[in-house]
Amino acid sequence: MNAPNRFELYVLEDGEKPVEVTEDTKIPNAATFKIVKQDHTLGNMLRAQLLSMPQVLFAGYKVPHPLHPYFLIKLQTDGTATPQEVLEQACTKLIGTMSSLEAKFKREFSFKDVEATGVVDDPYGVGGTGGGAWASGRDYLDF
C-alpha cells in the first residue's frame, strides 16, 4: 500500500535532524519549527504548553499530511525571549509535567497492588465491605 513502514514513523535516519528552525522574515519574533518523526500527540501538548506561557503571542501547529511523520509549529513571542528559548522552556516544563504524571500514575498503581493484597482503603468513606448504606436496605431517598 501507500503507507510507509511503521519504523519510518519514529526512527530518525542517519544524519536526520529532529528539529529544523525557520525564522519568519515577515513577522517579528516569530519562527516555524519542523519537528520530525512526531505527530499530533506531541504537537498538541507543545501548543498547549506554549499558550500557557505569558511571553507567547501565538502558537499553533499543523500536520501537513498524515503519511508524512512530522509537524510544523509556528510560534510568535512578545520579544522578551526568542522563539527558540521559549520552545526550549516549554519542552522543559512539559517534560516536568510528564514526569509528575508518571509518578502519580505509578503511585495509583501501587494502591491497586495494595488492594489486591486485601488491605483496602475505602476512598468514599462508607466503610465495611457491603457498600455502606446501600447494603443496609436503605435507598437513595433515605439520605
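Quick look at the values:
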item: Backbone HN-Hα couplings from phi across region 78-88 [Karplus 6.51/-1.76/1.60, Hz, Gly and Pro as x]; result: 7, x, 6, 8, 6, x, 5, 4, 5, 5, 4
item: Cross-link pairs beyond the 19 Å C-alpha cut-off, checked among K34/K74; K17/K93; K37/K106; K34/K62; result: K17/K93; K37/K106
item: Long-range amide H partners of D24 with built H, under 5 Å; result: A30, A31, T32
item: Summed residue charge, Cβ within 15 Å of P66's Cβ, Lys/Arg positive, Asp/Glu negative; result: +1
item: Loop sites in region 1-110: trypsin sites (Lys or Arg not before Pro), DSSP, at most 11 other Cβ within 10 Å; result: K26
item: 3J(HN,Hα) from dihedral phi, region 42-53, Karplus parametrisation 6.51/-1.76/1.60, rounded to Hz, x for glycine, proline; result: 6, x, 6, 5, 5, 4, 5, 5, 5, 5, 7, 8
item: Amide hydrogen neighbours beyond the local backbone of F58, cut-off 5 Å, H modeled; result: Q76
item: Using a Förster distance of 22 Å, the FRET efficiency for K93-V11 (Cβ separation, nearest 0.05); result: 0.25
item: Hz values of 3J(HN,Hα) by residue in region 18-33 - Karplus curve (6.51, -1.76, 1.60), Gly and Pro given as x; result: x, 9, 10, 10, 10, 5, 8, 8, 8, 10, x, 6, 10, 8, 10, 10
item: DSSP-loop chymotrypsin sites (Phe, Trp or Tyr not before Pro) across region 1-54, with at most 15 other Cβ within 10 angstrom; result: Y10
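Values quoted throughout were computed directly from the atomic coordinates according to the rules given, and no laboratory measurement underlies them. This one's a predicted model, so the numbers in the text were calculated from it and none came from an experiment. Don't worry about glycine lacking a Cβ; one is built from the backbone with ideal geometry, like all the others, and counts go over all protein chains shown.
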